[in-house]
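The values are calculated or read from the model by the stated rules, or taken from the named source; none is laboratory data. Not measured: the values here are computed from a predicted model. Here the Cβ positions follow ideal geometry from the backbone for every residue, glycine too, while neighbour counts run over all protein chains shown. Note: accessible area is taken over every heavy atom of the protein model, side chains too, but ligands, DNA and RNA are not part of it. Shrake-Rupley method; radii C 1.70, N 1.55, O 1.52, S 1.80 Å.
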Amino acid sequence: MSAASWLLVFAAAGLATFLIRLSFIALLGRLETPPLLQRALRLVPPAVLCAIIFPEVLVRGGALDLSLRNARLWAALVAIGIALRFQNVLLTIAVGMATLWALQAALG
Amino acid sequence: MPPTPGSAAPPPTRRGEFLAGCRDELPILLGVAPFGMIYGILALSAGLPPPAAQAMSSVVFAGSAQFITAQLIRDGAPGAVIVLTVFVVNLRHALYSASLAPYLRHLNGWWKALLAYLLTDEAYAVAVTRYARDGERTDVSPWRHWYFLGAGLTLWASWQVSTAVGVFLGAVVPESWSLDFTLPLTFIALVFPALRDRAGVAAALTAGLVALLALGLPFKLGLIVAAAAGIAAGMFAEARS
């Protein structure tokens, strides 16, 4: 796709994002979020992000790779440990990348 | 209630509020700037032309949605699926909107639109802290929206600049560095520490497994299907407990 057609896609995505952010602000704060919707919205981040994490880590070359030679799997497990222990985003990225590079070098 | 006579604080001004908002946003930039750079690098490696990669940062202006868009573009997803996915990923901002709406109801439409555009995770975190600190007091500053504006604009500017740096660097970073792996690492860092209850764990695991099962779905719809399944599983787990 050309830069112009990407801009069209981004304009639509940007408008959707803007309208979500404006939603309740524009409704003057008169409306409460229904509790059921509120609970569903809270579950959006873990659901969406894990739907991305799992395939990024476990799928190599279009197929599931649960083998010991999948360096991304080990690096991700280390990163999960760091994330739970230190709750620091940059540290998690740094240790995860270092683990990946070390394993890639070791596994050839 | 009039302010207590003799209290040291000077009367609030627009300028003072704006600068305070800028200042309180600064520590957060330390975490945001690297993401802007990583986004720029990812967007280029996904095949986006540099102007389009830069434009997304100002038009969409939503970090995780931009990361995901770069990944979908890399995998050849059609435009409609990208828009739908961004919509779902950013649905959480409706919560922020609902939470800040009572404080912004006295503003005119332009202010509401401007602050809504700037309502990212990071601007929300700073703005809501300020509003919550003031609580139910009636003698609060009438210029608190300038504080929100300062925080939001500071974040906006740093996001644009760091994207530009990433777009510039993206052209020179070799593929063997596997920088695309920063995407799942970022999300791991955001998701796992926040998994505190059964509903969240159920949503996360279900969505992850369904995403693996749904790999073969056309148009990269697997992400949407997996997210919906995860949310449903989380609500089910919550209803049972």
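Structural remarks
- Relative contact order (%) - chain A, alpha-carbon pairs under 8 angstrom, separation at least six: 15
- GNM remark for chain B: springs join alpha carbons under 10 Å apart, and the peak mean-square fluctuation among B:ALA189, B:ALA203, B:ALA52 falls on B:ALA189.
- Cα gyration tensor shape for the range B:133-239, rounded if a/c is under 1.5, else prolate or oblate: oblate
- Each label point was placed 7 Å from the Cα along the Cα-to-Cβ direction; for A:VAL59 and B:LEU221 their separation is 1.5 nm.
- Overall, chain A carries a charge dipole of about 160 debye about its Cα centre when +1 sits on the Cβ of Lys and Arg and -1 on the Cβ of Asp and Glu, all other atoms neutral.
- Backbone geometry of the range B:160-172 corresponds, through the Karplus equation with coefficients 6.51, -1.76 and 1.60 at θ = phi - 60°, to 3J(HN,Hα) couplings of 5, 5, 5, 4, 4, 4, x, 4, 5, 6, x, 6, 10 Hz, x marking Gly and Pro.
- Of the chymotrypsin sites (Phe, Trp or Tyr not before Pro) found in the range B:98-152, none is in coil by DSSP with at most 13 other Cβ atoms within 10 Å of its Cβ.
- Gap separating the Cα centres of the range B:60-94 and the range B:185-241, nearest whole Å: 16
- Helix-derived mean residue ellipticity, 222 nm - over the protein assembly as shown, DSSP H n ≥ 4, -39500 (n - 2.57), to 500: -24000 deg cm²/dmol
- Accessible area, probe 1.4 Å, largest first, for residues B:LYS220, B:LYS112: B:LYS220, B:LYS112
- Probe 1.4 Å, all protein chains present, accessible-area order of B:THR85, B:THR138, B:THR129, largest first: B:THR138, B:THR129, B:THR85
- Using heavy atoms of the protein chains and a probe of 1.4 Å, the accessible area assigned to B:THR120 is about 10 Å².
- Potential lengthening of the chain between B:THR13 and B:ALA113 amounts to 33.8 nm, from the contour at 0.36 nm per residue minus the alpha-carbon distance.
- Residue with peak Gaussian network fluctuation, chain B [Cα springs, cutoff 10 Å], from B:SER64, B:SER97, B:SER178: B:SER178
- Taking the 1.4 Å solvent-accessible surface of the protein assembly as shown as the whole, the part contributed by carbon and sulfur is 69%.
- Added length on full extension, which subtracts the Cα-Cα distance from 0.36 nm per residue, B:LEU212 to B:ALA125: 28.0 nm
- Using C-alpha pairs under 8 Å with a sequence gap of at least 6, the mean separation divided by the residue count of chain B gives a relative contact order of 32 percent.
- FRET efficiency estimate (nearest 0.05) - Cβ-Cβ, B:VAL201 to A:PHE86, R0 25 angstrom: 0.80
- Estimated vicinal HN-Hα couplings, Hz - the range B:78-93 in sequence order (Karplus 6.51, -1.76, 1.60; Gly, Pro = x): x, x, 5, 5, 4, 4, 4, 5, 4, 4, 5, 4, 8, 4, 4, 5
- When the Cα atoms of the protein assembly as shown are aligned to their principal axes, the ranges along those axes come out at 73, 51, 41 Å in descending order.
- Surface burial for A against B, with a 1.4 Å probe and both sides summed, reaches about 6300 Å² of accessible area.
- A probe of 1.4 angstrom, applied to the heavy atoms of all protein chains, finds A:ARG69 with accessible area near 150 square angstrom.
- Max mean-square fluctuation residue, GNM over chain B, Cα-Cα springs under 10 Å, options B:LEU95, B:LEU42, B:LEU183: B:LEU95
- Think of a 1.4 Å ball rolled over the protein heavy atoms: chain A then has 51 Å² of accessible area per residue.
- Largest-first ordering by accessible area, 1.4 Å probe, given options B:CYS22, A:CYS50: B:CYS22, A:CYS50
- Computed magnitude of the charge dipole of the range B:65-182 (debye, nearest 20; Cβ of K, R +1, Cβ of D, E -1): 420
- Computed from phi, the 3J(HN,Hα) profile of the range B:29-46 under the Karplus parametrisation 6.51, -1.76, 1.60 (θ = phi - 60°) reads 4, 4, x, 7, 4, x, 5, x, 5, 4, 4, x, 5, 4, 4, 5, 5, 7 Hz, with x in place of Gly and Pro.
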